[in-house]
Amino acid sequence: MRQLKKLALTRRGFFRGAGLAGMAVLAAGTGVPRRASAEVDALVAEHMGAGPIAMEKVTLSAPPTAENGTLVRIPIEVDHPMEANNFIQSLGIFVDNNPSPFVAKFDFTPEVGKIGLELRIKMAKASKVRVICKSNTGKLFGTIKEISVAEGGCAG
Amino acid sequence: MGEQVGNARVRGPQEAVAKGSVVLIKTLIDHPMESGLRKDKESGETIPAHHVTDVVVNYAGKEVMKAVWTGAVSKNPFFAFSLKATTSGPVKVTWKDNKGVEFSGTAEVKVS
């Protein structure tokens, strides 16, 4: 009994190892390498300010698969007051796997009244898309969504 | 040949809206939005960057929003945004590209 169990574990370990190796081969074969998250984290901090990001208040309602990488719809809503002393000051859009991940940044005054945007962007390949907001008091909010691309765009 | 550039369009609600309501402003401009990272397929040479870098939204004479765009924004960029209609007045959107050329379009918001 004990021996059988040991064998099963070993075999499972072998398959797991093979699966990982397969994934590595796939990753190596897709041209543009997947950018390390830490690199984009640093870019976000550079544009939006450093600090912890609360994953709330921001909705990115883009479809999970973009038909055309040259034209990816990015509809964004932010559920946050826009009052004189309490408002969203800026919003940045980042695509981790684009040759240049920083896409756009918006600055707002409270007069906008509500943050709802739609922009169309280029995506070179499947990627995390990050939308990060900063309040006037320096608090960071955001969302991250994985979007796949049926047909790649020549992204900037 | 030359890409078409300009033809800025800004559209808001056609009719008067209640004061304080949130309206949607839709904008479109013809622009190649070349990132500067693409290569010409035939010559192999890099296609120079030519894209919008700055966008400013003015509402009733006051700047309410501005943006920095890179070449990762799509060609002929569509951009829509919400705006609280607090007063009747023009919503003027101005785009500037990396060659320093400016384009603008206006929509009138009317509150009742």
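The values are calculated or read from the model by the stated rules, or taken from the named source; none is laboratory data. Remember, it's a predicted structure, so these values are computed and weren't measured experimentally. Counting neighbours? That spans all protein chains shown, and the Cβs are built from the backbone with ideal geometry, glycine included. For the accessible areas, the whole protein counts, side chains as well, though only heavy atoms, and no ligand, DNA or RNA atoms are used. Shrake-Rupley method; radii C 1.70, N 1.55, O 1.52, S 1.80 Å.
How many residues are surrounded by fewer than 12 Cβ atoms within 10 Å (Cβ to Cβ) and within 17 Å of the chain's Cα centre (by Cα) if we restrict to the range B:1-49? Steps first, answer last, please.
First, pick out the residues of the range B:1-49 that are surrounded by fewer than 12 Cβ atoms within 10 Å (Cβ to Cβ): B:1-2, B:4, B:14-15, B:18, B:20, B:39-45, B:48.
Keeping just the survivors that are within 17 Å of the chain's Cα centre (by Cα) gives B:4.
The total comes to 1.
Hey, can you tell me all the residues within the range A:61-70 that are among the polar types (S, T, N, Q) and in a strand (DSSP E or B)?
Residue satisfying the conditions is A:65 alone.
Would you check which residues across the range A:135-156 are charged (D, E, K, R), at pLDDT 95 or above and farther than 17 Å from residue A:40 by Cα and list them?
Passing the criteria: only A:139.
Exactly one condition in (1) of a type in the set (D, E, K, R); (2) touching a residue at least 24 places away in the same chain (Cβ under 8 Å); (3) open to solvent by 60 Å² or more (accessible area, probe 1.4 Å) is false for residue B:62; which is it?
Failed condition: (2).
Identify the residue in the range A:110-129 that is open to solvent by 10 Å² or more (accessible area, probe 1.4 Å) and more than 7 Å from chain B (Cβ to nearest Cβ) and, among all such residues, is nearest to residue B:36 (Cα to Cα).
Checking each candidate, the answer is A:124.
Among what's in the range A:64-92 and is touching a residue at least 60 places away in the same chain (Cβ under 8 Å) and out of contact with any strand residue (DSSP E or B) (no Cβ under 7 Å at 6 or more places or on another chain), pick the residue that is surrounded by the fewest Cβ atoms within 10 Å (Cβ to Cβ).
Taking the range A:64-92 first, the residues touching a residue at least 60 places away in the same chain (Cβ under 8 Å) are A:64-72, A:78, A:80.
The next check asks that each one be out of contact with any strand residue (DSSP E or B) (no Cβ under 7 Å at 6 or more places or on another chain); those that pass are A:67-68, A:70.
Numbers: A:67: 11, A:68: 15, A:70: 18.
My answer is A:67.
Counting only residues that are within 10 Å of chain A (Cβ to nearest Cβ) and among the aliphatic types (A, V, I, L, M), which one in the range B:65-95 is most open to solvent (accessible area, probe 1.4 Å)?
B:68
I'd like to verify a number: residues in the range A:71-88 that are of a type outside the set (D, E, K, R) and outside any loop (DSSP other than H, G, I, E, B), how many?
Residues flagged as of a type outside the set (D, E, K, R) and outside any loop (DSSP other than H, G, I, E, B) within the range A:71-88 amount to 7.
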